[in-house]
Structures are given as C-alpha cells and as structure tokens.
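J.: The structure that follows is given in the form of structure tokens.
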Amino acid sequence: QDVYLKWSGSGLAPMSATILVDDLESYVSQYGTHGAVQRLQFIAATSDQRSLKIDASKLCLELLKRTTNTKAYTELYATVKELTEGDVAPHFDSVWVEATQKQSSILKEVYEQDLHTSKISQVKETIRTCHTQLANFCMEQGDYSSALKYVSKSREYCSEPSTVFSTCMTVIKLSALLRQYTDIQSFTSKAYHTPFKEDVDQSKIHAAYGLYYMTSGKYKDAAYSFAQVKQQNIGGTFSDVLCTQDVALYGALCALAALERNEVQLKLLDSSSFREVLDLVPQVRDLTLDFCSCKYASCLSVLAKLKDKLHLDVHLHDHVEDLCTRIRSKGMVQYFAPFLSVSLHSMAEAFNTDVDGIQSEVAALVSKRQLDAKIDSHKKVLHVRHANQRKATFQNTMRVSQDFLHTTQALVLRMNLLKHDFGVHLVRQKK
C-alpha cells in the first residue's frame, strides 16, 4: 500500500510513494518549492485532460505564493481563468502581488548596493556571499538564468572546498530547473573532484550524473549512476532536482532498457541500498521483479498503463517512447534466447499482442541484428539462425594457413640475413 505524506515547509516527504499524478498534492510534496512549481507548470502545459490542467494550475498558484515570483503568478492566473470559463475561478491575490513587488524592488536595490560595497572592500568571502544573496533573490523571483549568472560569478570567490561544492550543487539545481542538462554534467564533474565530501554528497553526485546520462540517451550509464544512490541521502536542497521516487523510476527504466536481466537483478534487486529505494515505489518494484522473472506480459502491461503518466514527467518526457520500445525489445530478445525455435502465437500471448503484430516487431529486431533468427511466416515460427559451420571452418583454415605462411617467410628472411651477416652492428667506443 502506498504511503503519503503531506506538504511540509521545505517540501520534503521522503516516504511518499505516489506514482506521478495519481495524487497531485502528494506527488509535489516530495519536492522543494521550485521543483514542485516546475513540475506542476509542465503538467499544466503538457496534459490533455482539462481537469488535470486546472488542478495543477491551481496548486501551482498556491505554491507560487511561497516565492516572490509575481510574474509567473499573474500569467498562470490568466491561464486558469481561461480554463475555468463558466466555473468559479480562484481568487487573485492582488494585495500579495503589489506588496511582494514593492518589497522585491527594495531588496534588489539593497542587495546590489551590498555587492558594490563588498567589491570595494575586496574581501572574497563577502563578495561571494553577496553574489549568493542575489542568486537566491533571483531564484525566488523565478529568474533562474540571472540566478545562474550570479552563482557562476560567486564560484570565482570560493576559497573552501565546502563552498565550492555548495556552489556546484546550486548550479546543478538551477540547470535542472532550466533543463540545461549539459551544465549538469560539467558541474557534477567539478563537484565530484572536490575534496572532503561526505557520503550524502556522493549520492547527490551520482543522482545528478544519472539525470544527465538519462537525458542524453546514455541509459546504461544512467542505470549504473542511479543504482549507487542511497535513499536516505536524497533530500534537502536537492529535492528541487530529484526525489527518491524519481531515482527509483529513472533507475529502473534505464536498467530495464539497457542492462541484461542478470545485471538488473544484481544492481537493483539484490542491492540493499537501491532495493530500499525501489520498495518506496511498489509499482516500479513489481514491474522490475516481473521483468527479471520473465513475466513479460505483466511487466509490459503495467508499463503501458504508466506510459501516459510518464509523459507528464518534466525530465523523462522526451525519452518515454524510446525507453518503452527498448524495454519491450529487450524482453523479446531475452524471451527467445533459450530456444531453438518459438511459435509466434506463444510469443504474441506472452507480449499482449496479436500474431501479425509480434511478427512485425520480431522482423524489425532481426533487421537491426538485435535478434539472430529467421521467421517462417507460413508456419508462424521463429527459428534461431544456425551458423554455416562449413563456411566458418573453411575461413578459419584459410586464416591459419595465411598466418603460417607469413610466419615461415619471416623466419626464412631472418635466417638469410644472419647467414650473410647483413644487419646493423653496434660499435662500442673505447674510453
């Protein structure tokens, strides 16, 4: 049974196991405010369901009031008003908007003046603090690009490894919010080479690497990275980037798409640390268990049901189709591996499709050389392709004979050179 924890001040709910948009409030409670806003905005923009758009937008309006992002609040309210034509629209808090804008204007002047003063004083730590202060201010206003510039500048004034690491993690968070995944790879590498890190920091580095690899289509590397993340180490400020559910979901899908079945068993299910992560998301855990137990019909059925929800994940959206196709193809290859021949009727039943459909899929795998087999379309049977032993033996014989010929010619040449004393002689100089 799934366990839900409601929103706490920081937006962290480590034991939540809701799968994507089953319950919006429980779903976003796993993230920090900025991560929750990013995902709700993406759901509102991507979903085809009007009711889901409205619910996501209304919840996002509430969360935006925890920040100073009045621009996004005003724009989103206009969108909600259009969606709720004829219905009761949510209240527009004009008092909060005006007060927040006024306060933000004053704070910006103060922070900029502080930065100017610190540059005159030439104290590195003070300059870094002022840059960080302005970065946080821009982040609260939803201006992530400006925040990223200030954080990048603050890195020049870092003198301690801890501040270097903190700066790198902030850049990773802002890059994830902007979906600029190349920057994630660059600063994750810098964070990885920062000395005096703790185990908590190492897990965040692996999670950041996993996100970069997944969004780059390097699913095998992503699976290895996510598999090294420990559940208790994901949280705090990193909850704006990923939560424990994301690590389980992304790690499992990437592993099923790119790793062999025994590797999935070893890296995910038999790993005590990652198994803790998987147990928090029962649907993903059961899907992985079914795949490793060769219950492909059950596994792919659950995956098909989750597909629409996976499309609403801000980081996974562009890779859902590719991952699902790879997982299905991997299942077919592994299903056929122990046999010399398999009936397409039994394969169709195992993969929840008809005979013509499975024949087309198998033909595609054969043409891509992922499956070394041939199809008897009349009898609807898939046969393993037997190697031509006679041809292979002949080719091996020719290769051995050529190697023997080259070796013999080299030996004859060497013997003739020695016989005629033809060679380079080293002359030692007398001291």
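The values are calculated or read from the model by the stated rules, or taken from the named source; none is laboratory data. A quick note: this is a predicted structure, and the numbers were derived from the prediction, not measured. All Cβ positions, even for glycine, are placed from backbone atoms using ideal geometry, and neighbour counts span all protein chains on display. Remember, those area values only see protein heavy atoms, side chains included, never the ligands or the DNA or RNA. Shrake-Rupley method; radii C 1.70, N 1.55, O 1.52, S 1.80 Å.
J.: Restricting attention to the range 30-63, which residues are more than 21 Å from Lys307 (Cα to Cα) and open to solvent by 40 Å² or more (accessible area, probe 1.4 Å)?
T.: Of everything in the range 30-63, those that are more than 21 Å from Lys307 (Cα to Cα) and open to solvent by 40 Å² or more (accessible area, probe 1.4 Å) turn out to be Lys58, Glu62.
J.: OK, next. Taking interchain pairs and intrachain pairs at least six residues apart, which have beta carbon atoms under 6 angstrom, with the first residue in the range 100-117 and farther than 20 Å from Ser154 by Cβ and the second open to solvent by less than 100 Å² (accessible area, probe 1.4 Å) and assigned to a helix (DSSP H, G or I)?
T.: These pairs meet every condition: Thr100/Thr70; Gln101/Thr70.
J.: Just to be sure I understand, how many residues within the range 337-390 are out of contact with any His (no Cβ under 8 Å at 6 or more places or on another chain) and assigned to a loop (DSSP other than H, G, I, E, B)?
T.: Within the range 337-390, residues that are out of contact with any His (no Cβ under 8 Å at 6 or more places or on another chain) and assigned to a loop (DSSP other than H, G, I, E, B) number 19.
J.: In the range 371-380, is there at least one residue being open to solvent by less than 40 Å² (accessible area, probe 1.4 Å) and either in contact (Cβ under 8 Å) with a residue 24 or more places away in the chain or among the aliphatic types (A, V, I, L, M) (or both)?
T.: Yes, there is a match, as at least one residue in the range 371-380 is open to solvent by less than 40 Å² (accessible area, probe 1.4 Å) and either in contact (Cβ under 8 Å) with a residue 24 or more places away in the chain or among the aliphatic types (A, V, I, L, M) (or both).
J.: Are any residues in the range 213-231 surrounded by fewer than 18 Cβ atoms within 10 Å (Cβ to Cβ) and in contact (Cβ under 8 Å) with a residue 12 or more places away in the chain, and if so, which ones?
T.: Those that are surrounded by fewer than 18 Cβ atoms within 10 Å (Cβ to Cβ) and in contact (Cβ under 8 Å) with a residue 12 or more places away in the chain: Ser216, Gly217, Lys220, Asp221.
J.: From the list Leu278, Leu266, Leu256, which one is touching a residue at least 60 places away in the same chain (Cβ under 8 Å) and over 24 Å from Leu148 (Cβ atoms)? Walk me through how you get there before you give the answer.
T.: Details: Leu278 fails: touching a residue at least 60 places away in the same chain (Cβ under 8 Å); Leu266 fails: touching a residue at least 60 places away in the same chain (Cβ under 8 Å).
Residue meeting the stated conditions: Leu256.
J.: Enumerate the pairs (first residue in the range 341-359 and touching a residue at least 40 places away in the same chain (Cβ under 8 Å) and closer than 13 Å to His383 by Cα; second residue anywhere and surrounded by 14 or more Cβ atoms within 10 Å (Cβ to Cβ) and of a type outside the set (A, V, I, L, M, F, W, C)) with beta-carbon separation below 8 Å, excluding pairs fewer than 6 apart on the same chain, so at least 6 apart or on different chains.
T.: Ser341/His383; Val342/Tyr335
J.: Right, next: Output the residues belonging to the range 145-168 that are under 25 Å from the mean Cα position of the chain (by Cα) and crowded, with 21+ Cβ neighbours inside 10 Å.
T.: The answer is Ala147, Leu148, Val151, Phe165, Thr167, Cys168.
J.: From the list Phe238, Phe291, which residue is of a type in the set (Phe, Trp, Tyr), within 30 Å of Val37 (Cβ to Cβ) and either in a helix (DSSP H, G or I) or touching a residue at least 40 places away in the same chain (Cβ under 8 Å) (or both)? Spell out the reasoning first.
T.: Numbers: Phe291 fails: within 30 Å of Val37 (Cβ to Cβ).
Going through Phe238, Phe291 in turn, the sole match is Phe238.
Yes/no per residue for (1) outside any helix (DSSP H, G or I); (2) over 27 Å from Leu249 (Cβ atoms); (3) of a type outside the set (Ser, Thr, Tyr):
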position	(1), (2), (3)
Lys149	no, yes, yes
Ser159	yes, yes, no
Pro195	yes, yes, yes
Ala207	no, no, yes
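J.: Just need a number here: residues in the range 78-129 that are open to solvent by 100 Å² or more (accessible area, probe 1.4 Å) and acidic (Asp, Glu).
T.: So the count comes out to 4.
J.: Moving on to the next point. Step by step: first the residues of the range 192-212, then only those that are hydrophobic (A, V, I, L, M, F, W, C) and over 18 Å from the mean Cα position of the chain (by Cα), then the one that is surrounded by the most Cβ atoms within 10 Å (Cβ to Cβ). Which residue is that?
T.: The residue in question is Val200.
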